[in-house]
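Single-structure report; data block below.
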Amino acid sequence: MRSLGAAVPLLLPLLLPLLLRPRAACCFSVPGQEATCEANGSLYYVGEWYFLDSDHCTQCECTAEGAACARTECTSLPAACIHVSHYPTDCCPRCERIGCEFRGRVYELGEHFQPSECEQCTCDSDGIARCLVADCAPPPCVNPAYQKGKCCPECRDGPNCYADASRTRVIPAGESVWVDSCTKCRCHDGQDAGYWEGNRVATCARVRDCGEEKRAATHRQDSGGEQSSSTPSM
């Protein structure tokens, strides 16, 4: 009977392929040997976590029964995210900056800004810029002008209006003028709210018995002239 030592050289060619067999198959194990999992061209031991190179959203744990994998669900990015980046090794996109983008410019959350003379805006927490636009009241004059840095036009010469429908003569607010021998027009003083909307012409009225009124006015002027001329000088 041959001894075992003498038989080993004869069995070695048969045992060598088994001894040199790579530990690459998923969860390959030999009694007395620690189980492993193969992925991404590497071996992982029981308890190790790893992401698949082919899918960065799938994470696995090597267990004695095999690889246990689960897919990562990406959380929603903030509503105010205005700069999103996608990196090759990441599963989910990253928010690099939050704020409001308005007419080509970026504003911080909560920031107040004035994009024009007539707009006041705020960058809200949802990333939307909300603006209030000034509502200019009708200017109380016929020749309003815009000033730099101001939203609404202003009356440089004060309130005024056209003396009549011909729109050739401008009179200050509160004044009255005769446009002919019997028609008297008055420019409103503009104290009533909303009066100036659409009212650019003085209010005119035809005077009854205008001839007598004219004569009376002339008489008063003449009387005043006589009194002034008869008043002794001091």
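The values are calculated or read from the model by the stated rules, or taken from the named source; none is laboratory data. The shown structure was predicted, so the numbers you read here are calculated from the model rather than taken from an experiment. Neighbour counts are summed over all protein chains in view; Cβ atoms, including those assigned to glycine, are modelled from backbone coordinates with ideal geometry.
Here is how the numbers come out for the structure above:
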| quantity | calculated |
| --- | --- |
| Given (1) of a type in the set (S, T, N, Q); (2) surrounded by 14 or more Cβ atoms within 10 Å (Cβ to Cβ); (3) within 30 Å of C185 (Cβ to Cβ), index of the condition T122 fails | (3) |
| Evaluation of H56 against (1) without any contact (Cβ under 8 Å) to a residue 40 or more places away in the chain; (2) touching a strand residue (DSSP E or B) at 6+ places or on another chain (Cβ under 9 Å) (one fails), failing number | (2) |
| Condition met for C118 (farther than 30 Å from R200 by Cα and not assigned by TED's automatic domain parsing to the domain that holds D55) | no |
| Strands (runs of 3 or more DSSP E) contained entirely in the stretch 129-234, each with at least 3 residues that are at pLDDT 90 or above and exposed (fewer than 14 other Cβ atoms within 10 Å of the Cβ) | 129-133 |
| Residues being surrounded by fewer than 14 Cβ atoms within 10 Å (Cβ to Cβ) and outside any loop (DSSP other than H, G, I, E, B) - total across the stretch 103-118 | 4 |
| Residue match in the stretch 60-70 (condition: farther than 15 Å from N40 by Cβ, part of a strand (DSSP E or B) and without any contact (Cβ under 8 Å) to a residue 12 or more places away in the chain) | yes |
